[in-house]
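The values are calculated or read from the model by the stated rules, or taken from the named source; none is laboratory data. All values derive from a computational prediction rather than experimental measurement. With ideal geometry, Cβ positions are generated from the backbone for all residues, glycine too; neighbour counts draw on all protein chains shown. To get the accessible areas, we keep the full protein, side chains included, count just its heavy atoms, and leave off ligands, DNA and RNA. Shrake-Rupley method; radii C 1.70, N 1.55, O 1.52, S 1.80 Å.
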Amino acid sequence: MEGKNSQLQQRKDDALPRGTGNLCQWYVDQAENATLRDVEGNSWIDFAGGIAVLNTGHRHPRIVKAIAEQLEKFTHTAFQVTPYESYVSLAERINSVVPIAGKAKTAFFSTGAEAVENAVKVARAATRRHGIITFGNAFHGRTFMTMAMTGKVAPYKRDFGPMPASVWHARYPNSVAGISIDDAMASLQDIFTQDIAPQDVAAIVLEPVQGEGGFHIAPAEFFVRLRQLADQHGILLIADEVQTGFGRTGKLFAMDHYTVKPDLITMAKSLAGGMPLSAVSGRAEIMDAPGPGGLGGTYAGNPLAIAAAHAVLDIIAEEQLCDRSVKLGAQLVEFLNEARRHCSAITDIRALGSMVAVEFAEAQTAQAIQQHAMARGLLLLTCGPQGNVIRFLYPLTIPDAQFSQALEILSHVLSAHQDS
């Protein structure tokens, strides 16, 4: 008899457009913490985390309880029609911890792309300028503005025609690709010389650690020089922390690793433990630039997601997940460095806390390892411009024994690619 997964796959292919592609050919039925189970009863250790959404794991009891309690009150009013205290108090909590110089303010939205788009709106309103500079291999979202900002054509921009104007891409420091800090800064000057005058640029937007781009970490000196350049020309600096936030890098925000403070920060993914919620935080005078009604959205700051986010902040603090991120990341890096001694296919290892990636010489190697790991019960994701990087996005709440089990699986898989 045909299995449930294959039946569902046939139904999916018949009902959904091919653009909604899937990594897995199996369908999840249950999940808890770092474990996924499919409709046929098979299980996997989740090192994908819903693409960095589940730093607090699947169905953390505190989050489930918070959502259930909110369900007993109300599910939706639209904050800009009928506001509620939980939205205000969550903004207050984030304002108190976000790495912004001076007084901060926060507005909530639903998706990471929405947060980035609204950060652009705020920056343009505050500066009365139009230009936006982002970086090669960046990922900022799938809406038209964020596609334009994303530094990768396939699959994100391909097939969709002209992108919005007034967006330019500089080079992001990348030692593997031979792009130095000086190279990156020179590319910004090239944009000012060839494409747009600096006095017309509203903002420079970058990920402190590139996500889809391969987990490349912005050097501290690069941020210092960017801050100096931005201040020189009255340009705002925006940190896109949609993937890096909420403990993934060993700090609540990746920008906590740097002395430089951005003017605006975007966040989403693990902010609400699996519920759709995003935010823009920034310097109060900048955030106040749009007029009343200029920011919002029907579902922006949904009450259930807001309740979940309150629980996430409690969990990160009480379970010391930033410290655990550092511990687990160090353990994984030690494992990968040992594996590298026997596996010449590994060309680089990059890590900041538990934002860890291993790069291989060829994409087919990374993909083969990904498929082999899945067959043995470990779910992994690839990334990078060529798809030759495996990134690790396990829940920070994963039990020690299960984390060790995942490394055992990875060890068996990597052994197939060891040097003879």
Inset, instruction - Would you point out the residue of the range 27-68, among those that are hydroxyl-bearing (Ser, Thr, Tyr) and more than 20 Å from Ser404 (Cβ to Cβ), that is surrounded by the fewest Cβ atoms within 10 Å (Cβ to Cβ)? - result: Tyr27
Inset, instruction - Return the residue satisfying two criteria in turn: it lies in the range 371-413 and is assigned to a helix (DSSP H, G or I) and open to solvent by less than 10 Å² (accessible area, probe 1.4 Å), and of such residues it is nearest to Gly353 (Cα to Cα). - result: Phe403
Inset, instruction - Tell me which residues, restricted to the range 380-408, are among the hydrophobic types (A, V, I, L, M, F, W, C) and in contact (Cβ under 8 Å) with a residue 24 or more places away in the chain. - result: Leu380, Leu381, Cys383, Val389, Ile390, Phe392, Leu393, Leu396, Ile398, Phe403, Ala406, Leu407
Legend entry - Selection from the range 342-361 of residues that are more than 19 Å from Thr244 (Cα to Cα) and out of contact with any strand residue (DSSP E or B) (no Cβ under 8 Å at 6 or more places or on another chain): His342, Cys343, Ser344
Inset, instruction - Scan the range 235-251 and report the pairs whose first residue is under 22 Å from Phe392 (Cα atoms) and among the hydroxyl-bearing types (Ser, Thr, Tyr) and whose second residue is open to solvent by 10 Å² or more (accessible area, probe 1.4 Å) and modelled with pLDDT under 95, with Cβ atoms within less than 8 Å and a gap of 6+ or a chain change. - result: none
Legend entry - Hey, Arg324 buried (at least 18 other Cβ atoms within 10 Å of the Cβ) and of a type in the set (D, E, K, R) or not: yes
Inset, instruction - Could you identify the single residue in Met287, Met267 that is touching a Lys or Arg at 6+ places or on another chain (Cβ under 9 Å) and either surrounded by fewer than 21 Cβ atoms within 10 Å (Cβ to Cβ) or at pLDDT 95 or above (or both)? - result: Met287
Inset, instruction - Search the range 81-111 for residues being polar (S, T, N, Q) and without any contact (Cβ under 8 Å) to a residue 12 or more places away in the chain, and hand back the single one that is nearest to Phe223 (Cα to Cα). - result: Ser96
Inset, instruction - Evaluate the following for His216: is it modelled with pLDDT of 95 or more and either farther than 24 Å from His233 by Cα or charged (D, E, K, R) (or both)? - result: yes
Inset, instruction - Please verify whether the range 261-273 includes one or more residues that are in contact (Cβ under 8 Å) with a residue 24 or more places away in the chain, polar (S, T, N, Q), assigned to a loop (DSSP other than H, G, I, E, B) and closer than 23 Å to Leu90 by Cβ. - result: no
Inset, instruction - Examine the range 232-249 for a residue that is of a type in the set (Asp, Glu) and farther than 20 Å from Ala279 by Cβ, and state whether such a residue exists. - result: no
Inset, instruction - Could you list, in sequence order, all residues of the range 351-369 that are over 22 Å from Pro208 (Cα atoms), in contact with a Ser or Thr (Cβ under 6 Å, 6 or more places away or on another chain) and open to solvent by 10 Å² or more (accessible area, probe 1.4 Å)? - result: Ala361
